[in-house]
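Reading through the structure tokens given below for one structure.
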Amino acid sequence: MTIWIRNAWYMAGWASELDGDGLLSRTILGQPLVLYRCEDGQIAVLEDRCCHRAAPLSRGRREGDQLRCMYHGLKFAADGACVEIPGQQTIPPAMRVRSFPAVEQQTLVWVWMGQAALADPAQIPSWPYLTDPSWRNLEGYIHYQADYRLIVDNLLDFSHLAYVHENSIGNASQATEKAQLERIPLGLRVTKLAPNEPPAPHFRKFGGFTGNVDRWNLYDWHVAGNVMLMDGGAEAVGKGGHQGPRETAVQFRHMTALTPETETTTHYFFAQSHNFAIDNPQVTRQVHETVANAFLEDKAMIEAQQRNIARDPTAPMQAISHDAALFHIRQRISAQIESETGAKRAAE
Amino acid sequence: MTIWIRNAWYMAGWASELDGDGLLSRTILGQPLVLYRCEDGQIAVLEDRCCHRAAPLSRGRREGDQLRCMYHGLKFAADGACVEIPGQQTIPPAMRVRSFPAVEQQTLVWVWMGQAALADPAQIPSWPYLTDPSWRNLEGYIHYQADYRLIVDNLLDFSHLAYVHENSIGNASQATEKAQLERIPLGLRVTKLAPNEPPAPHFRKFGGFTGNVDRWNLYDWHVAGNVMLMDGGAEAVGKGGHQGPRETAVQFRHMTALTPETETTTHYFFAQSHNFAIDNPQVTRQVHETVANAFLEDKAMIEAQQRNIARDPTAPMQAISHDAALFHIRQRISAQIESETGAKRAAE
Amino acid sequence: MTIWIRNAWYMAGWASELDGDGLLSRTILGQPLVLYRCEDGQIAVLEDRCCHRAAPLSRGRREGDQLRCMYHGLKFAADGACVEIPGQQTIPPAMRVRSFPAVEQQTLVWVWMGQAALADPAQIPSWPYLTDPSWRNLEGYIHYQADYRLIVDNLLDFSHLAYVHENSIGNASQATEKAQLERIPLGLRVTKLAPNEPPAPHFRKFGGFTGNVDRWNLYDWHVAGNVMLMDGGAEAVGKGGHQGPRETAVQFRHMTALTPETETTTHYFFAQSHNFAIDNPQVTRQVHETVANAFLEDKAMIEAQQRNIARDPTAPMQAISHDAALFHIRQRISAQIESETGAKRAAE
């Protein structure tokens, strides 16, 4: 029984990880992959396992756009076809490794782990703030010892901000305010408005607010690929809140992409973009570290939660009203997995 | 198939571990627990798993006698009832965590892991030497990578003293002398007398004996909770041995309590009390370290034994005559487990 | 389902590991063993598990040719019979540990893990270069995190030399040249001749060749015990190659013995003997380190291969023509295991 949607674009890494001639080894949905950038810029993604004797191709050698296994010397093209077997003239058609569709877009590398025929690059979420010259961000990554769904839960819940993040990005009112949820085809649109509240520490820090603020978090949660794209910010009370004109607002654009590594580990990619003080790299670093540190607070809690669940996976969990968004997304994930598995069964 | 008696008081820790506002996280019989001391001194013991999303409550925050989960903010009373759900008015009755009866007595904290209705504090072993002003001890703890029953075996056998402890607390005669065993309701009364033998190193050290001594180890082994309470000592030959008047004797009162953590790990609590040189903390430390070091000798052997057993759990063990006490207690443990399991089955 | 031939002599260690009174603890075919040398030079090999309570005998004490368990003091003769039980007069016949036939020969210790009645020391491979005064070697050992069969594969394939060892003992031509294979009763005779090629780095280093060389690797692979005995070398072109007179040749005699420790770990013993500069210990060390470093290149690749296989043990492997030798030996191993298992079943 799988816990993963396969027909989805998952973030495989930052494009910068593929600079130069390097080979990047990364496991996604339990599948070890080797990634590299071809001379025309295309990203090649191959199974990180030679079809001959299972040696990892990430220990191999780039020869132009081809990749030679450095155990017995078999050479593979970027599409996975074997193009050379030392000491042998004929190459049987079965002699190939699986390749995976991949796309580089806006500093991100995306890979498609499902049926290649269904891979449509148009479905990849666009996030222009990563390349827009009026915004800045660093490239964030956290390795998680947890089932990706526990992190999905976390990102679909705002009440935890008041507790997990009480000393960083949270404040007390968030425990009780409800988010507005709207089901959209790709997932869930979440609107959480916190009017007229004292600014959280990072808003005080970056906005210099002395009085209360209107705070907003508006985001779309993408079921496929576990991507969150958020418009978040705060503005002094009485200036129109998120509806603008946001003249003295502190604004962020946030992207998180959760890519399952194994059933109990997850790649957590994120970027927190800001449009103020963009020529001050120190501010960019501070903005980044503020959320990175908050995510480490989540990580400590979620990994502890994972250990408790692993100890007794069948113990019941009691729902509360704040769980609405996470339940909805859990159902959408399950339905999608069901449909993929059923379709596969039907095709067999 | 369980290997643990549930209806028993197990030592959960030293009372000193619960000083102040602290939360103590400890796993007992495979169950993660969080312990804290309420304002009236009562010890609260709760399942260390929030009933909402399985976050550990030991990462929570004390609010008076109540404990708030710092993931989503649910708050629990010391009896496990949920008393607050952020953003929600009604609290369903199922919204609670399990609590466990606990008692603090004579510097020790005891917890009852079985049916709460059967928890009778009168059954907790009393050991006045821990608080009696004419005795002194330190608070001992060792974490063991072994099934608790292997440590029970060890404590119910004296022949190993001659081998495992040949250079510390043992001597050669102990290999062949038999202990006298008396079955008593709570377990086994063991009487081991070693008349007229050269003093073991620690008796020489603390008693200054120049000639032979009469040595004794008199103890009750409690099946429930794996508790050993011992009167041990040595006296110069011809002075009446353990029967007194013990005027120049070196005497100890020893307590060991073995609390299973998981099926293959154990909490080993112990105290070696002495009534000589009680105003000299250095002597108290030496007395403590003498036994602590001997226990580390046991630990090395028993953990090696555990690894051998884990490798081939079904390999037979050949009994010898020294095994009488350990077999008896193993049977008592099994019978008690059987009776608990049977009663549970009958009740269902 | 076993993956090991049992009726075979396996190299258990270097004789030097048993110098003095020491006890050597080593696991072979999943069986923990304790080895020691008796006063008459005979090697005793016993199960490293006391038959009483499973304590490891390797934590015991030598008493002449006997071994006392230092948990409860049982004493065993070199044949595994218990000869003393403290506090008990009668010794039941079941009170014994298994012993294993063992032979010391030419600096090596061999142990027989199968039916004792079939143990014939005449089947132990002889390798006089280890003791011949005109040859020198160091005693090599590598601990492998891999199924021994993956290392067998590696040693039966020369094509990998060009890739894994491109910077050490390999060179490019080896990728395409085929070895000559001859099936012999004990396994496989491999002849690999590389006439008229540039000398590999280590031949240049030790032979001072300036022009091309004829290179040879002639070896017998022993299915039982996974032993490789090789005559390898290089001679300047035009001097008769391996057929002699080898007057200016650089020659090695190489022994490798692979002894499975567990299903996924292996003891890798090896010796690279040389007959030049034998009075210069630094040369002996360089010769040794050249192959030892090459073996570490193999180890890195094979352990990575093992991890890939462990992740998905049923994934197919596509054969290439260089695999002939390894397939042949895999079949011989399987046939031998089959025959042992069948014989055992028939006997029951």
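One residue alone among B:Arg62, B:Arg6 is farther than 30 Å from A:Asp153 by Cα and of a type in the set (D, E, K, R), and that residue is B:Arg6. Only a single criterion out of (1) surrounded by fewer than 21 Cβ atoms within 10 Å (Cβ to Cβ); (2) at pLDDT below 90; (3) assigned to a loop (DSSP other than H, G, I, E, B); (4) among the small types (Gly, Ala, Ser) is not satisfied by B:Gly211, namely (2). Is there a residue in the stretch B:264-277 that is without any contact (Cβ under 8 Å) to a residue 40 or more places away in the chain, within 30 Å of B:Arg183 (Cβ to Cβ), among the polar types (S, T, N, Q) and crowded, with 19+ Cβ neighbours inside 10 Å? No, the stretch B:264-277 has no match at all. With respect to (1) crowded, with 23+ Cβ neighbours inside 10 Å; (2) farther than 21 Å from B:Pro313 by Cβ, the lone exception for C:Cys50 is condition (2). Looking across the stretch A:305-336 at every residue that is assigned to a helix (DSSP H, G or I), without any contact (Cβ under 8 Å) to a residue 60 or more places away in the chain and not hydroxyl-bearing (Ser, Thr, Tyr), the one that is farthest from A:Val227 (Cα to Cα) is identified as A:Arg311. Looking at the structure I just gave you, is C:Glu297 at pLDDT below 95, under 24 Å from the mean Cα position of the chain (by Cα) and of a type outside the set (Ser, Thr, Tyr)? Here the answer is yes, as C:Glu297 does meet what is asked. Report yes if B:Ala277 is modelled with pLDDT under 95 and either within 29 Å of B:Pro201 (Cβ to Cβ) or outside the structural domain of B:Gly30 (by TED's automatic domain parsing) (or both), otherwise no. Yes, satisfied.
Yes or no, residue by residue, for (1) charged (D, E, K, R); (2) surrounded by fewer than 17 Cβ atoms within 10 Å (Cβ to Cβ):
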| position | (1), (2) |
| --- | --- |
| B:Arg62 | yes, yes |
| B:Met70 | no, no |
| B:Gly87 | no, no |
| B:Met95 | no, no |
| B:Arg98 | yes, yes |
| B:Gln105 | no, yes |
| B:Ala117 | no, yes |
| B:Ala122 | no, yes |
| B:Pro128 | no, yes |
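Can A:Lys192 be described as over 25 Å from the mean Cα position of the chain (by Cα) and modelled with pLDDT under 95? In short, no. Taken together, the residues in the stretch B:300-348 that are facing chain C (nearest Cβ under 8 Å), in contact with a Lys or Arg (Cβ under 7 Å, 6 or more places away or on another chain) and buried (at least 16 other Cβ atoms within 10 Å of the Cβ) amount to 4. Of all the criteria given as (1) modelled with pLDDT of 95 or more; (2) within 30 Å of A:Arg345 (Cβ to Cβ), the one not satisfied by A:Ala15 is (2).
Restricting attention to the stretch A:69-82 and to residues that are on the phi < 0 side of the Ramachandran plot, in a loop (DSSP other than H, G, I, E, B) and more than 7 Å from chain C (Cβ to nearest Cβ), the residue that is farthest from the chain's Cα centre (by Cα) turns out to be A:Leu74.
Of all residues in the stretch A:9-61, those satisfying the criterion of being of a type in the set (Ser, Thr, Tyr) and either in a strand (DSSP E or B) or on the phi > 0 side of the Ramachandran plot (or both) are A:Tyr10, A:Ser25, A:Thr27, A:Tyr36.
The values are calculated or read from the model by the stated rules, or taken from the named source; none is laboratory data. Everything numeric here is computed off the predicted structure, so don't read it as measured data. Quick reminder, even Gly has a Cβ in these numbers, built from the backbone with ideal geometry, and neighbours come from all protein chains shown.
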